[in-house]
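Presented below is the structure to which this report refers.
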Amino acid sequence: MLKYARVTGWGKYLPDKVVTNQELEKKVNTSDTWIQTRTGIKERRLAADDEVASDMAIKAAKDALAVAGVKPEQLDLVIVATVTPEMIFPSCASLVQHAIGAKNAAAFDLNAACNGFVSAVSTASQYIGTGTYKKILVVGSEVYSRILDWTDRGTCVLFGDGAGAVVLETGDGPAGFLSFNMGSDGSKPDILYLLGICGAPANKVDDNHYISMNGSEVYKVAVRSMTKSCKKALADAGLTINDVNLLVPHQANKRIIQAVGKKLGLNEDKVFLNVQKYGNTSAASIPIALCEAVEQGLIKDNDNIVFVAFGAGLSWGASVLKWGTGR
Ligand code: COA
């Protein structure tokens, strides 16, 4: 029989440095009103000069393990979803695995940009479902402040830094992940991209290692794909929108989130929002949001929680989680 992957622990880390919209007004030609009206963002956190993705991941991971009551050496696997690791290799996951003392765990990074967390929990759940592994740490950790062009008002106001983590453990149901829906359309890589360091020299067009984005194009795909993905994941779980207790979406833009909620027919109080405080923290946004939803008492046993995300690729994914730690 296939096993269910339960979420038994959660943790988050946000750097101390708060950057408000008013502070960004001094850097680029923007305004607090424009940013809040178009995105809902009021402020974001930025990593300290000496802080890297693995530092933040380790802090979130330790909190998640403490909540789960799982010792690091009990972990079978560590997955870190990130596109901003301090090194391409070794993986951020291996650095985290060593730092937390997960000496019996395998480790790898997963790159699906802002869809990284949903992709990572989906991957982890397959290992648990088949009985290959019993305890898995999934972390999203991002330092987008290092890949932003701080003179480009179209992107620098949107993102922030942070990390979130969950521990997944084997359960016999009914709590656990019930379904996943994932998709990708790689036909327009130019609407959201970050160049790597290994492009063919003959084809090299520039040395820009900052995010490039066509915001309005991304916006349209985001709303469409997230709505469709949620509907498919719910149908696969044998549930309807009326069964959803809380949508915990990727926090990129309040308008995108509200549009998805509206298309799905969900009341606003069933859609979790914290983008106003942190901006878009990419693969970290859903686990950070989950932690805050739990802290705010918004999630109880047997609730149906839906995670949904989209990101560069473009790629998207949704998953339905019946909440219950088994404790
Ligand atoms: N401050 C002030 N003006 C800005 C601005 C800023 N920070 N950024 C862009 N503008 C300007 C544009 O230059 C444009 O000016 P123009 O009409 O003179 O050309 C105007 O605002 C409108 O831009 P537009 O792109 O049409 O606005 P929008 O309503 O689509 O909102 C985004 C822009 C970026 C907020 C929105 O498209 C979005 O959120 N897209 C998705 C991005 C995203 O989530 N990316 C991450 C994916 S995981």
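Note on LYS27: lysines with a C-alpha under 18 Å away, same-chain residues under 8 apart excluded, are LYS17, LYS42.
Pairs exceeding 31 Å between alpha-carbon atoms, taken from LYS135/LYS231; LYS220/LYS270; LYS134/LYS220; LYS103/LYS231; LYS59/LYS134: LYS134/LYS220; LYS103/LYS231. Summing Lys and Arg as +1 and Asp and Glu as -1 over all other residues whose Cβ lies under 12 Å from the Cβ of TYR133 gives a net charge of +1. Of the beta bridges in the chain, as assigned by DSSP with both residues counted there, near 70 percent are antiparallel.
Summary value for the chain: 26 percent relative contact order, contacts being C-alpha pairs under 8 angstrom separated by 6+ residues.
Pairs from the table (LYS277/LYS300; LYS300/LYS322; LYS228/LYS263) lying more than 20 angstrom apart at Cα are LYS277/LYS300. Dividing the convex hull volume of the alpha carbon atoms of the chain by its residue count gives 130 Å³ per residue. Over all other residues within a Cβ to Cβ distance under 13 Å of THR33, the charged ones net out to 0, with Lys and Arg as +1 and Asp and Glu as -1.
Helix screen, the chain: DSSP H segments with Cα axial length of 27 Å or more and mean Kyte-Doolittle hydropathy at least -1.0 are 215-236.
Note on ALA200 and SER216: the model spin-label points, each 7 Å out from Cα along the C-beta direction, lie 3.4 nm apart. Note that segment 4-176 presents 40 Å² accessible area per residue, ligands and nucleic acids not counted, probe 1.4 Å. The separation of segment 34-77 from segment 145-223, counted between C-alpha centres, amounts to 17 Å. GLY173 sits among other residues whose Cβ lies under 11 Å from its own Cβ, and their net charge, with Lys and Arg +1 and Asp and Glu -1, is +2. Under 15 Å of direct C-alpha separation, and excluding same-chain neighbours fewer than eight residues apart, LYS232 reaches these aspartates and glutamates: ASP243.
The values are calculated or read from the model by the stated rules, or taken from the named source; none is laboratory data. All of these numbers come straight from a predicted model, not from anything done at the bench. Reconstructed Cβ throughout: ideal geometry from the backbone, glycine too, with neighbour counts over all protein chains shown. These accessible areas exclude ligands, DNA and RNA; they are computed on the full protein's heavy atoms, side chains included. Shrake-Rupley method; radii C 1.70, N 1.55, O 1.52, S 1.80 Å.
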